[in-house]
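First up is the structure itself, then whatever we jot down about it.
The values are calculated or read from the model by the stated rules, or taken from the named source; none is laboratory data. Keep in mind it's a predicted model, so treat the numbers as computed, not measured. So basically every Cβ, Gly included, is an ideal-geometry build from the backbone, and we count neighbours across all protein chains shown. To get the accessible areas, we keep the full protein, side chains included, count just its heavy atoms, and leave off ligands, DNA and RNA. Shrake-Rupley method; radii C 1.70, N 1.55, O 1.52, S 1.80 Å.
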Amino acid sequence: MAQMMVSPMQCQIRFPSKSLEGKPMITSKMWNSLLLNAQRFKTKRSVSAFKVLAVKSDNGVVSRLEDLLKLDMAPFTDKIIAEYIWIGGTGIDIRSKSRTISRPVEYPSELPKWNYDGSSTGQAPGEDSEVILYPQAVFKDPFRGGNNILVICDSYTPSGEPIPTNKRYRAAQIFSEQKVIDEVPWYGIEQEYTLLQTNVKWPLGWPVGGYPGPQGPYYCAVGADKSFGRDISDAHYKACLYAGINISGTNGEVMPGQWEYQVGPSVGIEAGDHIWCSRYILERITEQAGVILSLDPKPIEGDWNGAGCHTNFSTKSMREEGGYEVIKKAILNLSLRHMDHISAYGEGNERRLTGKHETANINTFSWGVANRGCSIRVGRDTEKQGKGYLEDRRPASNMDPYVVTSLLADTTILWQPSLEAEARAAKELQLQV
């Protein structure tokens, strides 16, 4: 195996600077709307009758909705409710609406196409507003239970052309390339997010207009003075498992009020479908809790960590014996397309990628072993075993997973730089391949 010519801790290429465009502690009232009891995720197998209970809330309004929301339809009808989910005009907002399906379904091919008013989502003009939804992935609905489903869709014009915000279409093309199929690309995505208080839009657990103590005690912490929003994180974790999302873990993050969950390993286009569905579920849970979900990559300026969406990536060749050489070749390719990736890795990322708070500078490509201040991190186990995966630490929390996953596959599997460019990058990175 070729050897590193310098210490593997960190090597850099500097790119020209470029502008990129594209509080009080939580109260008990705020948690009253969070429906976390275990019955929410259970399906009763038989129902003979139901009662409507009058429950008086804090503001005196009488609610009789809870039993109806938990009502099991299965003993009375074969019909189910399908929640069609799509990405709105900003490329990050999530929209959805419901329809009745005559029987339980398992595959998206069993579902009809649908349409929506694209002029109301910023995706079509008013005089030609119809946008068509194509069902692409099906998940169990943790909110309605039973045989009801969540349906991830992408959007097309009536003539069948993908609309500009449909990034899934191009990603599916890349993942359908035979070279990509043969490499079985795996993804593990670390989605970070921040919880905000509703009216002031200030992080959960922070005093309004003020700040908690400095970072240090909050990462993976326990305790009422250090962990804010655990019930939301736990509810989301269970709901994703119920839905069939390949969620693999969760933890509190460095900045108080910030959390992370991990999805994967997922193969190909599945990674994007699972992240988008998990985001939808998280939006619904925070809606019920009366808390705002933020995917802003730098929600609080100053000496506070931003929010990223680190993407762990490997191919079959990387996971096999001798894979470390393939990983180093991939790093060379990624260095040569650094700014292409940066431009596709999320809005506002320049506020996060400053070279501080466990990030690399946005204009600098770097890689290192066990170094969280690099663009690309390689784990100690990967170095030791000579095979494994790499972690791309550049994507922002608001990135489109269809774009990021397909771009990684394109750059490392399909794209071939010139020998001259590759030699130049290897020299600048002091990386021998």
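Structure above, values below:
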{"read-out": "Restraint check, LYS238/LYS298; LYS167/LYS238; LYS167/LYS328; LYS167/LYS201; LYS140/LYS238, Cα-Cα greater than 18 Å", "value": "LYS238/LYS298; LYS167/LYS238; LYS167/LYS328; LYS167/LYS201"}
{"read-out": "Debye log10 I(q)/I(0) at q = 0.13, 0.15, 0.23 Å⁻¹ for the stretch 361-426, Cα point scatterers", "value": "-0.46, -0.62, -1.25"}
{"read-out": "Share of carbon and sulfur in the accessible heavy-atom surface of the stretch 268-376 [1.4 Å probe, %]", "value": "46"}
{"read-out": "Euclidean distance between Cα centres, the stretch 372-406 to the stretch 207-273, Å", "value": "19"}
{"read-out": "Nearest-0.05 FRET efficiency for LEU419 and THR90, computed from C-beta distance (R0 45 Å)", "value": "0.65"}
{"read-out": "Label-point gap, in nm, between LYS201 and LEU68 - each point 7 angstrom along Cα→Cβ", "value": "3.3"}
{"read-out": "Hydrodynamic radius (Kirkwood) for the stretch 67-159, which is based on Cα pairs only, to one decimal in Å", "value": "14.1"}
{"read-out": "Inter-label distance, nm, simple model (7 Å from Cα along the C-beta direction), LYS427/ASN115", "value": "5.9"}
{"read-out": "Accessible solvent surface per residue of the stretch 309-433, calculated while the other protein chains remain in place, 1.4 angstrom probe, Å²", "value": "36"}
{"read-out": "Carbon and sulfur %, accessible surface of the stretch 105-212 computed with the full protein complex present, 1.4 Å", "value": "48"}
{"read-out": "Probe 1.4 Å, accessible area per residue of the stretch 170-215, Å²", "value": "47"}
{"read-out": "Dmax and Rg, reported as Rg then Dmax, of the stretch 116-231 (C-alpha, Å)", "value": "21.3, 56"}
{"read-out": "Largest to smallest accessible area among VAL369, VAL222 [probe 1.4 Å]", "value": "VAL222, VAL369"}
{"read-out": "Hull shadow area, averaged, the stretch 237-368 [alpha-carbon convex hull, nm²]", "value": "9.4"}
{"read-out": "R0 of 22 Å, Cβ-Cβ distance ARG103-PHE76: FRET efficiency to nearest 0.05", "value": "0.95"}
{"read-out": "Cα coordinate range in the stretch 297-394, projected on the principal axes (Å, largest first)", "value": "44, 24, 18"}
{"read-out": "Set of aspartates and glutamates near LYS79 by C-alpha distance (under 20 Å), chain-local residues within fewer than 8 positions excluded", "value": "ASP67, GLU106, GLU110, ASP141"}
{"read-out": "Overall form of the stretch 339-391 per C-alpha gyration tensor (a/c, 1.5; a/b vs b/c)", "value": "prolate"}
{"read-out": "Relative packing of peptides 298-304, 183-189 - highest average C-beta neighbours within 10 Å first", "value": "183-189, 298-304"}
